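Asks: The structure follows.
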Amino acid sequence: QSDMYKQWERNISNVRSIHPPGSKYYTNAYKYRSKMFRPKTRTAMRNTEAAMTTALFANEDVVAVKSQNQSSPEHLASAAIAKELLQERLTNGSIPWYPLVVGATQDGYTYGSVISHQFWDYRQDELGNVLVDKPDVELVPPENIRIDRAADWRDPINSSPYLIHLMPVYIGDALERMKRIDPKTGQPEWYTFSGEALRAASKEEFDSLRAQRHTPTVDPKNTARTHHDRDFDTVWIHRNFVRKDGVDWMYYTCGTTILLSDPEPVEFAYPHLRYGERPYTMGALAVEAHKVHPDSLAHQGQNLQSIANDIANRRHDNVLLAMDKRYFIRREANIDRDQLFRTVPGGGIETDDPNSDVKVVETNDVTGSAFHEQDRVNADYDDLLGVFNQVTKHPGAQGSTVGGMSLTVSNSDSNTDYTIRTMLMTWVKPTIDQLIRLEQYYESDMNLLAVAADKAELWIKFGVNEITDEMLRHGLTVNVNVGIGATSPERRLNMIMSSTSSINQLPGVAERLNVEEIIKEVYGAVGFQDGARFVLPQEGPTPREQELMAQMEQLERETQG
């Protein structure tokens, strides 16, 4: 995908509010002209980030986990405990979910795609003491992933015949990995090589995209960078997935010349995955049919961003010329040029003949047409990317009225809702689904399990008093609790109340409403993540709990009888 680098570099420049490589503003012709950059792209991206975080973090219970078998108490208990386990991991800092969501939104906005690797991070020291034992999510820069361009655009990660993840690894960490024992095999995870051999095999050249993301001249992962301690040098390790004869294989290499591990089937390396699935997810903010890498929102608005910069800079140049005139000066004229160019109020200029030595070049002040054109470009940009800005609405259009303003806001919210829903369905939900299955297969923290079981009220609600591996691994369905209108608190609150009021009119629904969840959503819509502190807990068992307790008593009587 090196052919996409040029476009990605331009997107990064627009996001960073600097002119992209090759811009006319870097030529000698514009050396002394205005070079302002209007941060339209950055503003739109920050609006998208804000909308995404508002939708996902309005309250803590974003994820809903349901059992595929709603008739079995054990399956229902499995869903409840899985939800509480993931909730604890996402909120107690084990998985830095908030920066991950913001970073994923930035990647999707800039590159068009967001790619992440989900895995269980488990490490021991030489004495066998557990150092790390938790799930994790790693955002992968798109330039470090290699997939086939002919893959199915609906699921490029799993449909590509190969997937290669280029990972910058410190030599010291790579050498430590060669000593680490794999608990499944009892052997070192990687074959043993020297640091010099790894350094020789990793010949990654300067990467202009990484340099553009940081500063125009520095690549932080360049292997040519050296330290006094050579263990701090980076080498490029490849995690390779290759499909051969219907079997997906995974193995590690250093560069393309040193094999670090034997190939093993993915189903053995990652037993929690479904058949044909890889431990990566790939999403986007906008779906584009038949393209593995869809155009990013920064790419879609780049021409309007360029026009906005051009109009602003030309107008600024015009204002400067109107305020500080240019002059025609006769060659070899005896004139004090320093005083002429200084333009000090109340100053004087010495000259032999002011009528012939100097001639003022008059520049007309900029007219209102430049500002009107700027407003129209801004409005086109905002319409394209779903940004509502009252200042840049079309003059004389329907946005000038109260009703028109409301319609404009509604259209903007719909565009933003679409962007959020696309991100949720393509990246957030698949990522959460893999995290849930990681919890089902690898969670062993007894303290965390006890806390989750207490919050899930396993015994009270489901009659389950023991958590087993079999119970955890039942089939589950994951949903993300974000609805249309999530970015507008007023709309969200109105929709919650109106829908609840409407459904409450149906026979037999009132006693089945989950009041606690409604309270969370209502207070979440106005900015409180948890509304439980505003409502006293209910005394005594709920109707659902009474029903379950009656069923248990009936089963006990039948068993005893």
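Asks: For region 236-280, would you read off the P(r) tail past 16 Å as a percentage of all alpha carbon pairs?
Replies: Beyond 16 Å sits 36 percent of the P(r) for region 236-280.
Asks: Also: Using only protein heavy atoms and a 1.4 Å probe, report how much of residue 371 is accessible, in Å² to the nearest 10.
Replies: 100 Å²
Asks: Once region 17-101 is represented by equal point scatterers at the alpha-carbon sites, with solvent omitted, what log10 I(q)/I(0) does the Debye formula produce at q = 0.20 Å⁻¹?
Replies: Once normalised to I(0) and log-transformed, intensities are -0.97.
Asks: Counting only heavy atoms of protein chains, what accessible area per residue, in Å², does region 57-214 have with a probe of 1.4 Å?
Replies: Value for region 57-214: 45 Å² per residue.
Asks: Leaving out ligands, DNA and RNA, what percent of the accessible area of region 75-116 is carbon and sulfur, probe 1.4 Å?
Replies: Using a 1.4 Å probe with all protein chains present, region 75-116 comes out at 52 percent carbon and sulfur.
Asks: Another one. Can you list residues from other chains, or at least 5 along the same chain, whose modelled amide H is less than 5 Å from the amide H of residue 58?
Replies: Residues meeting the amide H criterion: none.
Asks: Based on the Kirkwood radius over alpha-carbon pairs, what is the Stokes-Einstein translational diffusion coefficient of region 425-477 at 20 °C with 1.002 mPa s viscosity, in µm²/s?
Replies: My calculation gives 174 µm²/s for D.
Asks: Now for a separate question. Would you mind counting up the charge near residue 17? Only other residues with Cβ under 10 Å from its Cβ, with Lys and Arg at +1 and Asp and Glu at -1.
Replies: The answer is +4.
Asks: Take the alpha carbon gyration tensor of region 72-131, find the square roots of its eigenvalues, order them as a ≥ b ≥ c, and report rounded if a/c is under 1.5; if not, report prolate when a/b exceeds b/c, else oblate. Before the final figure, lay out the partial values.
Replies: Details: a/c = 2.52, a/b = 1.21, b/c = 2.08.
Taking the square roots of the gyration eigenvalues as a ≥ b ≥ c, region 72-131 is oblate.
Asks: Quick one: which of 66/429; 244/429; 134/184; 134/203; 184/429; 6/40 span more than 24 angstrom between C-alpha atoms?
Replies: Too far apart for the 24 Å limit: 244/429; 134/203; 184/429.
The values are calculated or read from the model by the stated rules, or taken from the named source; none is laboratory data. No experiment lies behind these values; they were computed from the predicted model shown. For neighbour counting, all protein chains shown are included, and Cβ atoms are generated from backbone atoms with ideal geometry for every residue, glycine included. Side chains included, ligands, DNA and RNA excluded: accessible areas come from the protein's heavy atoms. Shrake-Rupley method; radii C 1.70, N 1.55, O 1.52, S 1.80 Å.
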